[in-house]
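Data first, discussion second: the structure below is written as structure tokens.
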Amino acid sequence: MLSGIFYWATLPFRASLVGTHPVFLVLINGSTEGIVAAAAFARVGHGSLVVVLLAALFGLIKFDPLFWWAGRLWGERVIALFGGRRNRGTKYMDRVQRWGRKFTWPAVIVSPFLPIPSAIIFVIAGWAGMRLVTFIILDAIGTLLWAGTLAGLGYALGHHAVVVAQAISHYGLWISIGLIVVIVFFQVRSQRHMMRTASEARAAQQADAGAPAGADVPATEDDQAATP
């Protein structure tokens, strides 16, 4: 909840910061484009890769212990919530019960590279009884591997990535406005869809409640023709 609010609150500033203060951008939200841009700036002499990696380490894992803690407190309920309709959380819980730390330790390390929300892995780690210190160490290792990969890409691109980042920041205000408009549009549309679905459900319930029990259903023409 807190991480989601923080993400949406900082989203409008990402475009303007990526080409002007990429390290600060990485520090506040650990964005992928921020890490690449900060490493590219380091390549042309503005900053240091060590600073980029340290900022990425903090920016990416600052909320992760909260997910571990949620798994420790509420366990299966939180896992089911994050698992969604595909029930992915239950699948991972079964693997934890079979393999124990042989699954949880590598899963935490490679979680940044997996095509699933890392929060599922972190919650399962807390539910499985992993110690907080162990979790933070494994999480830091995986985060540094991920950030190092992105930083290596940005360092290799160098000046080209800097030019792109500066161009994005130049139009950052309009990009931020566009993002806000898109977010508001989809939120309003989702809200209307939910209200329409709820209204239809209430109408169906009222129709069922208004129909008398055991009421005769009018015969169709086929039924009348079949009657001798």
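Here is how the numbers come out for the structure above:
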quantity: Relative packing of 33-40, 108-115, 122-129, which averages over residues the other C-beta atoms within 10 Å, highest first; calculated: 33-40, 122-129, 108-115
quantity: Proximal charge balance of MET130 [Cβ under 11 Å; K/R count +1, D/E count -1]; calculated: +2
quantity: Calculated FRET value between LEU54 and ARG189, using beta carbons and R₀ = 45 Å, to 0.05; calculated: 0.65
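FYI, it's all coordinate maths here, none of it is from the lab. Note that this is a predicted model, so its numbers are computed, not measured. Every residue, glycine as well, gets a Cβ built from its backbone with ideal geometry; the counts of neighbours run over all protein chains shown.
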